[in-house]
Amino acid sequence: MNKRILAAVAIVIIVVAAFVALWQLNVFTPAQTINIGVVAGMQTAEGQDINRAAQLAIDEINAAGGVYVADLGKNLNMKLVLADTGDETGDTAAPVTRIITDQGVDVLVGGATTGGTLKDQIPAIDNRVPYIITGASLNLVTRRGSLPSDNALYVDDAEGMSYMFHYCTTISDYSTTVAHFLADSVRPAIGSSRNLRLAVLYRDDGYGRGVRDVTTSIITADNLPIDIVANVSYATDATTFQSPLISVKDSKPDAVYVAGFIADTAEVIKEGINDVGLKSLYIGVEICEDPQYYDLLGETGNYQILESKIATQWQGDTWYLPKVGTYVEDYTAKFDGKVPGMLGADTYDAVYIYKNAVEQAGTLDKASVRDALEATDMPQSLLIMENQKITFSSGTNYHEILPKTFIEQMIWVSDSGKLLPYVVYPDSMPGISSFKQADFALPPDYEPGSP
Amino acid sequence: MITAGLAQALLFGVANGCIYILLATGLNLIFGVMKLVNFAHGQLLMVGAFVAYEVTTVVGLNPYVSILVSMGSVALIGIVLEKFAFRKIRGTDKLNEIFISLGLIYVFQYSATLLWENSYTIRIPSPLAGLSVPLGEVSLSYDIILAMIIVVVILIGLVFLTKKTKIGLAMRATSQKSDASMLMGININRVYLFTFAVGAALAGAAGAIYGILFPFNPAIGALPTIKAFAIIILGGLGSIPGAVVGGLLYGVAENVTGYLTNSTWQNAVAFALLIAVLIIRPTGLFGEKGE
């Protein structure tokens, strides 16, 4: 009898000890992670790129030991939590609301289009979740509190808006580069003393109209020798563009600035050159810095222009920024040879920016992290910055960055059957010794406009 | 006065109209003979485009030869649809065929999305891309010229089929009086099967030509279906000449509107044209009373 009691007590002690040991090892308690909410439309190539880039950054950070959170006294791993916004045209707020309320994400990164982001940032604003917006070229996404109160997009919540950060170039950034490139490089190449005749062909949405308006403002403000001879819009769901291109052709432009996305810009250029006979110089914007754009254009894109902020297909022996080279190599190695796009690069940086903010704040508390994001002062990463640092503006510039963009000219290499980009403007960039790769040249069959 | 821009818009309108003609003629044939409303007809255009794309890019066939492959493939699909879907519900409530065709829209579209995962539009590469005929200040690409010629050839073949062959005679008889045709010994099942196959083949041809001239993706089938129905109503239900004229009018109205105003208005004006014609002539341009 005593032996039985002793045996039973021993068993109980062993079981309790084992339970306590396993508890200490967090077997029963799920390991705490930092939940990174990634806002990406998985029906789009841009969204898939954002998701892949975020995953790459998270995996790198975890492999290096995670994020040190001082008030917990330990490192935590990051975990990607996807808010799939589909094709970005529907209800983008619902998936974001879900990951905020159901999965308690600590931060949001991503957001490709302005239209989608203006919807999906609302739950972030309401719930005070820091959102590093890595797309959306309209700076409205951080300036909604400054709109007139009767504007449908006005947000009367300064505290909530303070959680929004815009790590992306804006229409103003890249339209400035385009306008000055036209004035400094294209007009002299045409060799005419008159003003350069520019046609703007734009998507009939907030983004396209924004490009149209900002381009006009920049030309006026900087007194550039450019006349806008046509502003022609096309429906956002258009897949053919012959009619608007004929209108553009009527205006006899020297160059056509296309404010569209990847598929429409590529198709505009192909139809313009092949179908309508508008053998002009076409300028696409940085959202087209994606391998699919080059594939879609093919040989038709020879000598055409792309404004960009990250040269993921840099043609040179050494990368202009070592970090860009590493990113491209790691991304292609991890994702079956896929070349990264522009929005993914922003998102990759955003994850590291958040990591820095948490480590500076020493906590996951969202208000403290928000404050730390505001005080971000990091070396530039994948985007070239004016002061070679990642900082967010305060005051009237509302958590925006100071990026530098550049112009690439695409050249068709018949041996390889590929369209490859070469930087033609500007001559130099802050901190980069050798950046410009070639002089701009007009396309061989270029036909200038005329008054 | 016709400016160069307007002339170019008119020419493109005629080119677009050629695609609508094929699509609407096929739909008209099916409706005229079988009295069948097939809302998935535009999906056959989409399938035709993808078949032509695959045959051109994977097998290396000339895209204009691939039109024949598209026609054959989509005709076979049409045969399967008629025999195993629409025939089963023939004679039952009209709603059944409407729901079957609506369901087929999603089946085709999502199947295509699964097979061709592209989120971007693609185009069938043409060896004539970039080549055009200058006509003063206007230019017309070789692809568009060839597309127009092919449509004319197909229509001539269709007229020959319906007017000069036994099966064509059977189709015409069935379209007028199906019961009497049966009594006269015409195999209605065979006529319907053949009609649906021809209608589908025309949609396949429209798709292949569309894919050479314009970019496409799995979602392109919806709007052409609506336009095709509008065209056959505009031209007159069951009237092939009506489908031809209606298709041309539609294509020109769309393109000229897009050129003169804003491409956002293209679709709206084309349907406004339909409304205007129906108010003036409710049976359509070539339609007959009682249809």
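DSSP loop chymotrypsin sites (Phe, Trp or Tyr not before Pro) in segment B:56-163 with at most 16 other Cβ atoms within 10 Å of their Cβ, which ones?
B:TRP116
In segment A:310-391, taking the dipole from charged Cβ atoms about the Cα centre, the farthest positive-side position among A:THR332, A:ILE310, A:MET378 is held by A:THR332. Less than 5 angstrom separates the built amide H of A:LEU196 from those of A:ILE226, A:ASP227, all sequence-distant by 5 or more or on a different chain. Counts of other chain beta carbons within 10 angstrom of each beta carbon in peptide A:233-240 average 6. For segment A:129-145, 3J(HN,Hα) computed residue by residue from phi via the Karplus equation (6.51, -1.76, 1.60; θ = phi - 60°) reads 10, x, 10, 8, 7, 10, x, 6, 7, 7, 6, 4, 5, 10, 10, 5, x Hz, glycine and proline entered as x. Fully extending the segment from A:VAL413 to A:ASP126 would add 98.2 nm, taking 0.36 nm per residue of separation and subtracting the current Cα-Cα distance.
Annotation: amide H of A:TYR202 within the under-5 Å range of A:VAL232, A:SER233, A:TYR234, A:ALA259, sequence separation 5 or more or interchain, hydrogens built in the peptide plane.
Length available on full extension from B:ILE275 to B:VAL58: 0.36 nm per residue minus the Cα-Cα distance, which gives 73.7 nm.
Overall size of chain B from C-alpha positions, given as principal axis extents largest first: 60, 48, 35 Å.
Taking every residue in A:38-46 and counting other chain Cβ atoms within 10 Å of its Cβ, the average works out to 1. Under 5 Å from the amide H of B:LEU140 lie the amide H atoms of B:VAL133, B:LEU135, each residue being 5 or more positions distant or on a separate chain, with H modelled from the backbone and absent for Pro and chain starts. Annotation: peptides A:32-39, B:54-61, A:423-430, ranked by per-residue average of other Cβ atoms within 10 Å with the highest first, follow the order A:32-39, A:423-430, B:54-61. Rounded to the nearest 0.05, what FRET efficiency is calculated for B:ILE79 and B:ALA222 with R0 set to 30 Å and r the Cβ-Cβ distance? The calculated FRET efficiency here is 0.80. Size descriptor for segment A:314-449, Kirkwood hydrodynamic radius: 17.5 Å (Cα pairs only, one decimal).
Mind checking A:242-254 for the average number of partner chain beta-carbons within 10 Å of each residue's beta-carbon? Walk me through the numbers on the way to the answer.
Details: counts 14, 17, 6, 6, 15, 8, 1, 6, 7, 1, 0, 0, 0.
Partner Cβ neighbours, averaged per residue: 6.
Kindly express, to the nearest 10 degrees and within the range 0 to 90, the angle between helix A:2-24's C-alpha long axis and the longest C-alpha principal axis of chain A. Orientation of helix A:2-24: about 20 degrees from the principal axis. Here the 3J(HN,Hα) profile of segment B:265-274, calculated from phi with Karplus coefficients 6.51, -1.76 and 1.60 at θ = phi - 60°, is 8, 3, 5, 4, 5, 4, 6, 4, 4, 4 Hz, Gly and Pro shown as x. Taking a ≥ b ≥ c as the square roots of the eigenvalues of the Cα gyration tensor, segment A:288-383 is prolate, since a/c reaches 1.5 or more and a/b is larger than b/c. Other residues within the sphere of radius under 12 Å centred on the Cβ of B:SER181, judged by their own Cβ, net out at +2 (K and R +1, D and E -1). Sorted into 20 angstrom bins from 0, the C-alpha pair distances of chain A split as 24, 52, 17, 5, 2, 0 percent. With contacts taken as Cα pairs under 8 Å at a separation of at least 6 residues, segment B:165-291 carries a relative contact order of 20 percent. In this structure, the residue pairs whose Cα-Cα separation is over 18 Å, taken from B:LYS164/B:LYS227; A:LYS249/B:LYS227; B:LYS35/B:LYS177; A:LYS252/A:LYS309; A:LYS338/A:LYS418, are B:LYS164/B:LYS227; A:LYS249/B:LYS227; A:LYS252/A:LYS309.
Neighbours of B:ASN16 by Cβ distance under 12 Å: Lys/Arg scored +1, Asp/Glu scored -1, total -1. Here the peptides B:161-172, B:36-47 are ranked by packing, the mean other Cβ count within 10 Å, and the order with the highest first is B:36-47, B:161-172. Phi-derived couplings, Karplus 6.51 cos²θ - 1.76 cosθ + 1.60 at θ = phi - 60°, listed residue by residue for segment B:98-104: 5, 5, 4, 5, 5, x, 5 Hz, with x used for Gly and Pro. Computed on chain A, with alpha-carbon pairs under 8 angstrom and 6+ residues apart, the relative contact order is 15 percent. If one puts a single equal scatterer on every Cα of segment A:335-409 and applies the Debye formula without solvent, what log₁₀ I(q)/I(0) results at q = 0.26 Å⁻¹? Summing over Cα pairs of segment A:335-409 leads to -1.26.
Net charge dipole, the protein assembly as shown: roughly 3020 debye, given to the nearest 20, about the Cα centre with Cβ charges of +1 for Lys and Arg and -1 for Asp and Glu.
I'm a student and want to see the number: the projected area of the Cα convex hull of segment B:93-180, averaged over all directions, in nm².
11.1 nm²
Measure nothing fancy, just the Cα-based angle from helix B:222-235's long axis to the longest principal axis of chain B, in degrees from 0 to 90, nearest 10. Value to nearest ten degrees: 70.
The residue among A:PHE435, A:TYR446, A:VAL413 whose Cα reaches farthest toward the positive pole of the charge dipole of segment A:383-451, with charges on the beta-carbon of Lys, Arg, Asp and Glu, is A:PHE435. Cross-link partners among aspartates and glutamates for A:LYS389, C-alpha distance below 16 Å, same-chain residues fewer than 8 apart left out? Straight-line reach from A:LYS389, under 16 Å: A:ASP346, A:ASP349, A:GLU374, A:ASP377, A:GLU400.
Which net charge results when you count Lys and Arg as +1 and Asp and Glu as -1 among the other residues whose beta-carbon is under 15 Å from that of A:ALA372? Local net charge: -3. Note on the protein assembly as shown: antiparallel DSSP beta bridges, both residues inside, total approximately 40 percent of the bridges counted.
Every number in this text was worked out from the coordinates using simple rules, so none of it is lab data. Remember, predicted model here, so these are calculated numbers, not experimental data. Heads up, the Cβs are rebuilt from the backbone with ideal geometry, glycines too, and the neighbour counts pull from every protein chain shown.
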